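Down below is the structure, laid out as structure tokens.
The values are calculated or read from the model by the stated rules, or taken from the named source; none is laboratory data. Fair warning: this is a prediction, and the values are worked out from it, not measured in the lab. When we count neighbours, we look across all protein chains shown, and the Cβ atoms used for this are built from the backbone with ideal geometry, even at glycine. Protein only, heavy atoms only, side chains kept; ligands, DNA and RNA dropped before computing areas. Shrake-Rupley method; radii C 1.70, N 1.55, O 1.52, S 1.80 Å.
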Amino acid sequence: MTRTIEIKPKQVMWLQVGALAGMQGAITLCWVIYNLYIPQLLVTIGFNKDFAVGVLIVENLIAVGLEPLMGGLSDNAKRWFVSRFYFVSAGVILSSALFIIIPAVVALLPLSEATRWIFLFVVVGWSFAMAIFRSPATALLGKYASKHDLPLAGSLLTLASGIISAFRPISTNFILSLGAVFSFATGSFVLLGAALMLRYVNPPEERVAEPVERSISEPLSVLFLILGTGFGVAWGSRLLIDVLGKLLKIALGTNNVDGMMFIVSLALAFAALPAGAFASKIGNRQAMVWGSCVISASLLLMLFFGANFILLLLTVGTFSLIMNGAVPFALSLFTPQRAGLGVGTYFAGAALGGSLLSVIFPQLAVIPLIPEAFIGALAFLMAGACVKATA
């Protein structure tokens with residue numbers, strides 16, 4: 001029998017981490033474009049605009065099953081084919097092709113019942129393809145940095161994703177003005193380019209002969225704790241952003257807080273860099289546990305004192321500790337041979353949380369501020385408790 005040799009770096013492989021951050025940014029860009037256009041495309045093809053919520057729930061449910069499955073299969077692919085990059089390449093090629101086809105179906109095919117079913121098939125297929133490679137690609141972070149430096153290296157991925165997400169509110173009109181075909185084609189080519197760059201800098205791996213070993217199994221309790229962490233982070237982050245928006249509207253006396261939310265979102269993105277360095281210094285689990293406690297308290301304090309600068313600063317810092325530390329936390333609980341399963345389980349928990357949140361609270365804007373803040377605080381405490389329980 002043979003096994004794959006992976007040399008664990010003593011220092012962060014910044015070139016490779018930067019390429020992986022580019023991949024993360026490309027994935028985020030595709031989802032931004034998709035979420036902006038999908039309600040419009042559904043209406044054009046004859047569906048109700050609210051049908052987009054149902055599509056999102058189905059996509060999240062697909063991710064719940066596929067993320068850990070594909071992560072685990074990519075772990076096995078390392079033994080079969082030397083590298084998990086085969087999963088990344090296949091998933092990127094398939095998702096890029098389907099991403100271009102999504103607007104093409106609406107633009108080129110005549111409106112009919114068959115066209116509607118083809119459109120839904122392509123949309124669900126694209127979500128399936130994205131789930132094929134996200135966990136295997138993200139698991140490469142464990143190859144590019146030592147366990148101690150994972151939060152520091154992961155901060156670049158959080159930064160790339162956060163910057164693109166921050167620009168969404170102020171770039172919506174610009175993206176929509178480009179047209180669906182051009183926007184989707186741009187996202188597709190950016191994703192392909194990011195994958196090619198990552199493939200180019202990804203260090204080679206070699207097979208060496210070794211005696212047959214028993215298969216590695218992970219305790220179910222660890223998997224459930226990672227799932228619970230993803231669930232709590234998904235609920236907490238969604239509710240936190242909505243609570244901040246409502247509090248800023250009260251503080252500024254206006255319903256248009258897009259500019260201020262852009263600044264807050266950009267601050268969250270750049271706060272990942274010091275948060276990663278801090279977590280690497282004191283320990284990622286400890287940083288996440290303390291961060292979840294402090295941000296829960298901050299959420300409740302803002303109900304009494306409003307969104308003042310000190311509480312906003314405290315919220316940004318602690319939220320960055322949680323968001324930036326989540327993937328490194330999942331990676332740290334597994335051997336490098338099972339990294340894909342760990343990351344996939346975390347993403348599955350986040351997808352499950354997103355699905356249930358959309359079902360229970362389809363419109364966050366109508367939730368009263370006080371109970372929403374309390375639920376958000378409890379969600380972060382749940383995530384922190386799951387992290388603490390793995391120690």
Solvent-accessible area per residue, Å², over the chain with all protein chains present [probe radius 1.4 Å]:
45 Å²
Placing unit charges on C-beta atoms (Lys and Arg positive, Asp and Glu negative, everything else neutral), compute the dipole magnitude of the chain about its Cα centre in debye, rounded to 20.
540 debye
Within the set Q16, Q24, Q286, GNM on the chain using Cα springs under 10 Å gives the largest fluctuation to Q286
Binned at 5 Å from zero, the C-alpha pair distances of segment 219-367 give percents of 2, 9, 17, 19, 20, 16, 9, 5, 2, 1, 0
Candidates Y34, Y200, Y86; GNM for the chain (alpha-carbon contacts under 10 Å) flags as most fluctuating Y200
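With r as the distance between the Cβ atoms of S177 and V366 and R0 = 45 Å, compute the FRET efficiency 1/(1 + (r/R0)^6) and round to 0.05. List each step's numbers first, then the result.
Working: r = 30 Å, r/R0 = 0.67.
Calculated value: 0.90.
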Quickly work out the K49-to-W117 label distance, labels modelled 7 Å from Cα along the C-beta direction, and quote it in nm with one decimal.
2.9 nm
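As an exercise, take the mean of 1/r over every pair of distinct alpha carbons in segment 66-150, invert it, and state the Kirkwood radius in angstroms.
Numbers: mean 1/r = 0.0697 Å⁻¹.
It is 14.3 Å.
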Please report, as a whole percent, how much of the solvent-accessible surface of the chain comes from carbon and sulfur atoms (probe radius 1.4 Å).
72 percent
Just to verify a number: FRET efficiency for A90 and F304, C-beta to C-beta distance, R0 = 45 Å, to 0.05?
0.30
Find which of V43, L152, S177 sits farthest along the positive direction of the dipole of the chain, computed with +1 on the beta-carbon of Lys and Arg, -1 on that of Asp and Glu, about the Cα centre.
L152
